[in-house]
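Undergrad: Structure incoming, see below.
The values are calculated or read from the model by the stated rules, or taken from the named source; none is laboratory data. Just so you know, these numbers come straight off a predicted model, no measurement behind them. For neighbour counting, all protein chains shown are included, and Cβ atoms are generated from backbone atoms with ideal geometry for every residue, glycine included.
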Amino acid sequence: MPDGASNLSIVLIGLNHETAPVEIRERLTFGGDRELPFTLIRGILFVREFIFLSTCNRVEVLMTTPDPANAEMEIKKVFTESNGIPLGDFERCLYIYHEEEAAKHLFRVAASLDSMVLGEPQILGQIKDAYRQATDQKTSGVILNRLLHKTFSVAKRVRTETGICSHAVSISFAAVELARKIFADLKGKRAMLIGAGEMAELASEHLISNGVAEIVVANRTLERAIDLAQKFKGRAVSLDEVYDQLSKVDIIISSTGAPGLVINYDNVKSVMRARKNRPLFLIDIAVPRDIDPRTNEIDNVYLYDIDDLKGIVELNKAERQKEALRAERIVEEEVIKFKHWLQALDITPIIVCLREKAEQIRLKECRKTLSNMGSLTPEQEKAVHVLTASIVNKMLHDPITYLKGKSSREHKDIYLDFARQIFNLNGESGDIEEE
């Protein structure tokens, strides 16, 4: 552990979608230079370790510092002067957390409890990228390494022990979740997107991630259909070819801006005979609707519209809120564990020093004793070392346990000073006098 690590404070300073308008967030780009924030923050005298996180919804600096007040002031200067933002406007958007509150905030962010969409998974990947960049830049050290590894384990606990990520809370995700319920497994299924807007693109991403074999894109503008199809290694067709595809695909998601119906009842009914009643799943997220609502009356045809999906999304949001309560409890538990580790930082150097001094004494006494015992076999010498090491470990067990127990006490400095004096650890542990 680097010298002085136990005297450093953890500080997190930042802003997000709740505290800062997009007009402020979009200006915190440092001119698009990803290296510049590291160069500028590395130059701050009061910052020892730091990690820089920047997404469209948040910008944060996590750091260790021996002087929080000055470090915070210098960080503000870096952001405002480099991005041309008045200090007053910037400060109004900030939140600042210290020690375990900083850890708690980071845990909540990684567990997507602080996201615009509760339970969204992207933020954890963004934090991992930020940590990877900090390690590449060598700006993360003992304390932040430990904190970030703990952060990743907290996020994993939340994902595995709660259902916060398992309930669809976007229209496109809800559509794909419904398809999974109809077919149980989407692997090998074919999907057609009618319309090539943002909703269709998001649905494509979810479909591909769930194993759909092929994406067919139909759009009024063929060029746009080709662009989207290429992105997902699919096929593009014109709107006139939609009916030809009905017998070949299993899932249809329609989101055009057409003034009238794109798929009507008669066409679906006739194609079901050709499909030999193989299930057809239709999702109509267009307003006005693209698909004749009467198609839902046909056997093995399942039609859902935008209102059905909104109802599912609202239900799932409520479910995520319930799961969030369990996630918050996990975060609180892990904050307590990390707090104990932080408190033990002051104790650790004392314990290391005590062990080193005891080992020096043991080795010196072994050398003296063995030199007076005449010729011993290697096995006999090893037995002497094992015996003396065992005695030392047993003798140190109680004082070390006692010191560890005091790490969370309010007046632990008294106990630390007492240990230094009673074992003479004040910088003289390496000078063991011969008798």
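Undergrad: Consider residue 186 carefully, then state whether it is out of contact with any strand residue (DSSP E or B) (no Cβ under 7 Å at 6 or more places or on another chain), crowded, with 17+ Cβ neighbours inside 10 Å and of a type outside the set (Ser, Thr, Tyr).
TA: When the stated conditions are applied, residue 186 passes them.
Undergrad: If you check residue 372 against the conditions, is it surrounded by fewer than 12 Cβ atoms within 10 Å (Cβ to Cβ) and modelled with pLDDT under 90?
TA: Against the criterion (surrounded by fewer than 12 Cβ atoms within 10 Å (Cβ to Cβ) and modelled with pLDDT under 90), residue 372 qualifies.
Undergrad: Related question: I'm told residue 320 meets every condition in (1) loosely packed, with under 14 Cβ neighbours inside 10 Å; (2) modelled with pLDDT under 90; (3) part of a helix (DSSP H, G or I); (4) among the basic types (Lys, Arg) except one. Can you identify the failing condition by its number?
TA: (1)
Undergrad: Looking at residue 402, is it closer than 17 Å to residue 341 by Cα and either at pLDDT 65 or above or not assigned by TED's automatic domain parsing to the domain that holds residue 360 (or both)?
TA: The answer is yes for residue 402.
Undergrad: Give segment 179-215 a look and list any residue that's over 15 Å from residue 283 (Cα atoms) and either part of a helix (DSSP H, G or I) or outside the structural domain of residue 302 (by TED's automatic domain parsing) (or both), or say none.
TA: Listed by number, the residues that qualify are 198, 205, 208, 209.
Undergrad: Moving to a separate point now. Read through the list (1) closer than 22 Å to residue 246 by Cβ; (2) among the aliphatic types (A, V, I, L, M); (3) at pLDDT below 90, then give the number of the only condition that residue 217 fails.
TA: Here residue 217 clears every test but (3).
Undergrad: Among the residues that make up segment 126-144, is at least one of them within 30 Å of residue 255 (Cβ to Cβ) and in contact with a Leu (Cβ under 8 Å, 6 or more places away or on another chain)?
TA: Among the residues of segment 126-144, at least one is within 30 Å of residue 255 (Cβ to Cβ) and in contact with a Leu (Cβ under 8 Å, 6 or more places away or on another chain), which makes the answer yes.
Undergrad: For segment 252-271, does any single residue satisfy the condition of being under 13 Å from residue 176 (Cα atoms), of a type in the set (S, T, N, Q) and touching a residue at least 24 places away in the same chain (Cβ under 8 Å)?
TA: Yes.
Undergrad: Being of a type in the set (A, V, I, L, M), in a helix (DSSP H, G or I) and surrounded by 14 or more Cβ atoms within 10 Å (Cβ to Cβ): is that true of residue 391 here?
TA: no
Undergrad: Same structure again: Got a sec? Which helices (runs of 4 or more DSSP H) wholly within segment 43-140 have at least 1 residues that are touching a residue at least 12 places away in the same chain (Cβ under 8 Å), under 14 Å from the mean Cα position of the chain (by Cα) and buried (at least 21 other Cβ atoms within 10 Å of the Cβ)?
TA: By residue number, 99-110, 122-136.
Undergrad: Further question on the same structure: Kindly check whether there is at least one residue in segment 1-18 that is at pLDDT below 90, over 21 Å from residue 148 (Cα atoms) and surrounded by 14 or more Cβ atoms within 10 Å (Cβ to Cβ).
TA: Yes, segment 1-18 contains a residue that is at pLDDT below 90, over 21 Å from residue 148 (Cα atoms) and surrounded by 14 or more Cβ atoms within 10 Å (Cβ to Cβ).
Undergrad: Give me the residue from segment 205-222 that is in contact with a helix residue (DSSP H, G or I) (Cβ under 7 Å, 6 or more places away or on another chain) and not aliphatic (A, V, I, L, M) and, out of that set, surrounded by the most Cβ atoms within 10 Å (Cβ to Cβ).
TA: Step by step, filter segment 205-222, then rank; the result is 219.
Undergrad: Restricting the search to segment 387-406, which residues are basic (Lys, Arg) and more than 20 Å from residue 418 (Cα to Cα)?
TA: Residue satisfying the conditions is 394 alone.
Undergrad: Output the residue which, of all residues in segment 153-175 that are in a loop (DSSP other than H, G, I, E, B), more than 16 Å from residue 204 (Cα to Cα) and not hydrophobic (A, V, I, L, M, F, W, C), is modelled with the highest pLDDT.
TA: 162
Undergrad: Continuing with this model, one more query. Say whether the condition of being more than 29 Å from residue 112 (Cβ to Cβ), assigned to a helix (DSSP H, G or I) and of a type in the set (Val, Ile, Thr) is met by at least one residue in segment 15-29.
TA: Checked against the condition, which is being more than 29 Å from residue 112 (Cβ to Cβ), assigned to a helix (DSSP H, G or I) and of a type in the set (Val, Ile, Thr), segment 15-29 yields no hits at all.
Undergrad: A further question follows. Going by the structure shown, is residue 243 of a type in the set (Phe, Trp, Tyr) and surrounded by fewer than 20 Cβ atoms within 10 Å (Cβ to Cβ)?
TA: yes
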